Amino acid sequence: MFNQYAKWLKVSNDITWRQPIASLNYLLSIPRLAPRPQRIFAPGPGVHRSRGQQKAEVVRVYLPPDANCLLSVTDHCLRSRNYVNVIVAGKQPAPQWLTIDQAINTARQYRYLGMASNDRGGEPDVVMACCGDVPTLETLAAVDLIRRHVPELKIRVINVVDLMALQPSSEHPHGLKDKDFDALFTPTNRSFLPSTVTRG
């Protein structure tokens, strides 16, 4: 049904007399790292892949890191028209990284997590990127370990909320331009990124 709705939206967007309609908002609430009994009913990793492979002008995928960001993303999705929005969020109690004002006023695509970064005013040695609540928690735990054991290492932490921001702007409307991508991940760190993130 998801795929059929996405295809229908793509076609209907080309019909000039059709009025904008409410977006389909798809909430995935069980993370892949959930305890095994919960995962029985959880969608497999192919769910995210198939959603992301739908037409760029229709599908959006969001992975908010905390409840305040989830509220901001959900408000945005409920107000949107002519999209299929996929929101991935856990339902267990979790740390709050942003105030509600920070969640509303900062970029919806990605966030530079200054509280965990120590590369201010210089080029980082390592860029740590994460999407979603559990990966953000694990990334920040890893950063804490690195800073304790290798304090001289300059670390930049980027939290990606809009998964499509990692695509080139030529492939998706929410994609980052190369110069913006390099400003976040740096040209020198590009070769160490996973194949799904690396460009060119």
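Can you tell me which residues in region 37-52 are part of a loop (DSSP other than H, G, I, E, B) and either surrounded by fewer than 12 Cβ atoms within 10 Å (Cβ to Cβ) or at pLDDT 85 or above (or both)?
I40, F41, G44
Determine if region 116-126 includes at least one residue that is at negative phi, open to solvent by less than 50 Å² (accessible area, probe 1.4 Å) and within 14 Å of the chain's Cα centre (by Cα).
No: region 116-126 contains no residue that is at negative phi, open to solvent by less than 50 Å² (accessible area, probe 1.4 Å) and within 14 Å of the chain's Cα centre (by Cα).
Quick check on P168: is it at pLDDT 85 or above, farther than 24 Å from F2 by Cβ, open to solvent by 50 Å² or more (accessible area, probe 1.4 Å) and more than 14 Å from the chain's Cα centre (by Cα)?
No: the conditions fail for P168.
Starting from region 124-143, keep only residues that are touching a residue at least 12 places away in the same chain (Cβ under 8 Å) and within 18 Å of A67 (Cβ to Cβ), then list their pairs with residues that are of a type outside the set (K, R) and surrounded by fewer than 18 Cβ atoms within 10 Å (Cβ to Cβ) whose Cβ atoms are within a distance under 6 Å, requiring at least 6 positions of separation or different chains.
Going by the 6 Å Cβ cut-off, the qualifying pairs are D133/A94; V134/L33.
So if I check each of A67, A34, A89, which one is more than 23 Å from Q4 (Cα to Cα), surrounded by 16 or more Cβ atoms within 10 Å (Cβ to Cβ) and modelled with pLDDT under 65?
So the residue among A67, A34, A89 that is more than 23 Å from Q4 (Cα to Cα), surrounded by 16 or more Cβ atoms within 10 Å (Cβ to Cβ) and modelled with pLDDT under 65 is A34.
Output the residues belonging to region 99-115 that are charged (D, E, K, R) and either at pLDDT below 75 or surrounded by fewer than 16 Cβ atoms within 10 Å (Cβ to Cβ) (or both).
D101, R108
Can you find even one residue in region 77-85 that is open to solvent by 60 Å² or more (accessible area, probe 1.4 Å) and of a type in the set (S, T, N, Q)?
Checked against the condition, which is being open to solvent by 60 Å² or more (accessible area, probe 1.4 Å) and of a type in the set (S, T, N, Q), region 77-85 yields no hits at all.
When only residues in region 14-31 that are open to solvent by less than 70 Å² (accessible area, probe 1.4 Å) and in a loop (DSSP other than H, G, I, E, B) count, which is modelled with the lowest pLDDT?
P31
Restricting the search to region 125-165, which residues are touching a Gly at 6+ places or on another chain (Cβ under 9 Å) and more than 23 Å from S29 (Cβ to Cβ)?
Within region 125-165, K154, V157 qualify.
The values are calculated or read from the model by the stated rules, or taken from the named source; none is laboratory data. Just so we're clear, the structure is a prediction, and the values are computed from it rather than from any experiment. Ideal geometry is used to build each Cβ from the backbone, glycine not excepted, and the neighbour counts take in all protein chains shown. We work out accessible area using only protein heavy atoms, side chains counted, and drop any ligands, DNA or RNA first. Shrake-Rupley method; radii C 1.70, N 1.55, O 1.52, S 1.80 Å.
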